[in-house]
Amino acid sequence: MNHDVYSDAYIRDILTNHRTIAMVGASPNTSRPSYFAMKYLKAKGFCVIPVNPGQAGKEILGEKVYASLADIVEKVDIVDIFRGSEAAVAITREAIRIAAHVVWMQIGVRNDEAARLAEAAGLQVVMNRCPKIEYGRLSGELSWAGVNSRRLSSKRPLLGVKGVQHRVLASGRD
Amino acid sequence: MIADRKPGFNTLAIHAGAQPDPATGARATPIYQTTSFVFDDVEHAAALFNLETFGNIYTRITNPTQAVLEERVAALEGGTAGLAVASGHASQMLVFHTLLEPGDEFVSARQLYGGSINQFTHSFKKCGWTVRFADTTDADSFRAALTPKTKAIFVESIANPGGIITDIAAVAAVAKEAGVPLIVDNTLATPYLIRPIEHGADIIVHSLTKFLGGHGNSIGGAIVDCGTFDWLKSGRYPTLSAPTASYHGITFAETFGNFAFAIACRVLSLRDLGPAISPFNAFLILTGIETLPLRMQRHCDNALAVATWLSRHPKVAWVNYAGLADNKYHALAKRYCPQGAGAVFTFGLKGGYEAGIALVSNVKLFSHLANIGDTRSLIIHPASTTHRQLTDEQRMRAGAGDEVVRLSIGLEDVDDIIADLDQALAAA
């Protein structure tokens, strides 16, 4: 599969078909991008489980931090890699072991060897993207900040139940 | 997996950024004429102020009507994000406020809109920023003007009023070599004629007042982030690469990736300096953009016909329109804007300053005013108006000598445009 470009439907299906995200490299520092992403994804209804050996046993945004993917009790759907590209192969092997469905590497993170391993094991792969930005882009929220969503739609955006300034994604809907 | 189909330019001009209104289903973009937006709760308010989530707080920073305009312009240019502001001048102010610190320098083409020369030379001096001018027809002159303090290079894609087509790729190569962003003012070309991002631009600015709005009814400006510049690499752009004190230490380039520049311009420079666009102006400009491709082609076709006619007129000394085959910049025009060389150009009257004054006094269809890019045909004598604050040397170098008349050709019947010039020249 070509990882230079993803169709909107591919990304939307991943974000609408899965609810539990293990975030490897989640930070308790409130000014870090991983903290922003975790907070946003939780607000969109995802269960986000932080993984960070240095923070194991503590809490980030009220969620217990695990030392590794293998320690997580819940069933993980998406493994979101907030680490350097060089760490992606080892994390992907763990993701395969815990039977995750998706390996997602953040903006700036790309490892084609890890992608090959994941795909060979039947997992879906996204590289060099941020799930927060993709959710905001496809739901229309990111357009409020003037960002080019690179999508056109003649359908009304879907509003969330939490208030007027919340849009949501729905499976199969542009 | 099938990659998404890329819409064409005409489709983007009508649809980009504009879904039906989620609350009412209104298909045209509503005018959200409000100063402020209620928060869902305290937590939502905090997340918005911390930039942790997307949403509207206050129309000085974001507004849903403005947002559609921003995405529309960004999509037409092929950039990652846009920002609409009060005027073209405001867009330049915000771009440089985001890039520069006191003591910094930038290199600019000297063939610029006279107002930009004033802004760069005088007002920017008060911020401690120094402009060094180069010749937009000579990429090497930009290299020669670089100093260790240079933080950016600025050009106009089609220079106003001289009718010069800038070799953007050649200047972009100098910027890349120097490790500084290339800013292109694309006002006269619009993305219909030239998309600077395809030639190496990193930041694009617009006066939306001109052809994008196109109807002479609203002042506005825009910034487009091309998403091409690595702000973290050199560490010379601390607004983007260092933790920001006014947002609890977040680093823009890390948090917002390839649209960090547009976000920083908005939530720092626009927030603090304040030149917001009115939602009503944003709406009018958006409506104008829907017909940009049609209008721009007609503007160019009319301009070529008028320039050709003028070039044969006995009272006309010269015509500087890059669309004419014998023009010095014709080869660049064919390369950069094969659909047309724009609709603003200058010509020289054999009768000099006095003939220029007489011509602008005698026209009946053309409007004598200081704007360009209107449905109406416009005329001005730069030496006695837009460029009169400049020194004689600056005026000559900007292409605004005594005998020069600038036209902005409108969308009227071309025979009527020519007939008006014909009678006015006869009386001049």
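What follows is calculated from the coordinates using simple rules that are stated; it is not laboratory data. In this text the structure is predicted, and so the values were computed from the model without any measurement. Cβ atoms come from the backbone with ideal geometry, glycine included; neighbour counts cover every protein chain shown.
Descriptive notes on the structure:
- Greater than 20 Å apart at Cα, pairs in A:LYS39/A:LYS64; A:LYS58/A:LYS162; B:LYS125/B:LYS149; A:LYS44/A:LYS162: A:LYS58/A:LYS162
- Overall form of segment B:17-102 per C-alpha gyration tensor (a/c, 1.5; a/b vs b/c): oblate
- Debye intensity ratio I(q)/I(0), log10, the protein assembly as shown, q values 0.11, 0.12 Å⁻¹ (C-alpha model): -1.02, -1.17
- Cβ-defined net charge surrounding B:ASP21, 14 Å radius [Lys, Arg +1; Asp, Glu -1]: +4
- When you count the other C-beta atoms within 10 angstrom of each residue and take the mean per peptide, A:50-59, A:125-134 line up highest first as A:125-134, A:50-59.
- One equal scatterer on each Cα of segment A:8-138, no solvent, Debye formula: the resulting log10 I(q)/I(0) at q = 0.10, 0.17, 0.21 Å⁻¹ is -0.26, -0.81, -1.30.
- Computed [θ] at 222 nm, helices only, for chain B once each DSSP H run of length n ≥ 4 contributes -39500 (n - 2.57): -10000 deg cm²/dmol
- Normalised by 2.2 N^0.38 Å, where N is the number of residues, the alpha-carbon radius of gyration of segment B:227-343 equals 1.65.
- Inverse mean reciprocal Cα-Cα distance (Kirkwood Rh) of segment A:1-71, Å: 13.2 Å
- Sequence of B:PHE280, B:PHE229 once ranked by neighbouring C-beta atoms within 10 Å, starting from the fewest: B:PHE280, B:PHE229
- Proximal aspartates and glutamates relative to B:LYS176, as straight alpha-carbon distance under 17 Å, when same-chain residues fewer than 8 apart are discounted: B:GLU105, B:ASP138, B:ASP140, B:ASP167, B:GLU198, B:ASP202, B:ASP225, B:ASP230
- Cα centroid separation - segment B:206-253 against segment B:339-382, whole Å: 33 Å
- Cα pair distances exceeding 26 angstrom across segment B:9-156, given as percent: 45 percent
- Diffusion of chain B by Stokes-Einstein, at 20 °C in a medium of 1.002 mPa s and with Rh set to the Kirkwood radius over alpha-carbon pairs, works out to 97 µm²/s.
- For the pair B:GLU198 and B:THR308, label points projected 7 Å from Cα toward Cβ lie 2.5 nm apart.
- For B:ILE285, net neighbour charge (Lys/Arg +1, Asp/Glu -1) across residues whose Cβ lies under 14 Å away: -1
- Euclidean distance of C-alpha centroids, segment A:1-58 and segment B:23-97, integer Å: 25 Å
- FRET E, pair B:LYS126, A:GLU59, Förster distance 45 Å, beta-carbon r, rounded to 0.05: 0.35
- Shape box of segment A:68-174 [Cα atoms, principal axes, largest first, Å]: 41, 28, 22
- Among B:ARG335, B:ARG110, the ranking by other beta carbons within 10 Å of each residue's beta carbon, starting with the fewest, stands as B:ARG335, B:ARG110.
- Inter-chain Cβ neighbour count for A:26-34, averaged per residue, equals 3 (cutoff 10 Å, partner chain atoms only).
- Chain A, dipole about Cα centre (Lys/Arg Cβ +1, Asp/Glu Cβ -1), debye to the nearest 20: 660 debye
- Scattering profile of segment A:103-163 at q = 0.16, 0.24, 0.25, 0.26 Å⁻¹ [log10 I(q)/I(0), Debye over alpha-carbon scatterers]: -0.67, -0.96, -0.99, -1.03
- Mean partner shielding of peptide B:66-77, defined as the number of other chain Cβ atoms within 10 Å of each residue Cβ, is 4.
- By the count of neighbouring beta-carbon atoms within 10 Å, fewest first, B:ILE409, A:ILE14 end up ordered A:ILE14, B:ILE409.
- Low-density loop cleavage sites - GluC sites (Glu not before Pro) in segment B:22-123, where at most 10 other Cβ are within 10 Å (DSSP): none
- Translational diffusion coefficient of segment A:129-174 (Stokes-Einstein, Kirkwood radius from Cα pairs, 10 °C, 1.306 mPa s): 144 µm²/s.
- The mean number of partner chain beta-carbon atoms within 10 angstrom of a residue's beta-carbon across peptide B:81-88 is 2.
- Using the alpha carbons alone, the radius of gyration of segment B:292-427 stands to its Kirkwood radius in an Rg to Rh ratio of 0.94.
- Radius 13 Å from Cβ of A:ILE60, net charge of other residues (Lys, Arg +1; Asp, Glu -1): +3
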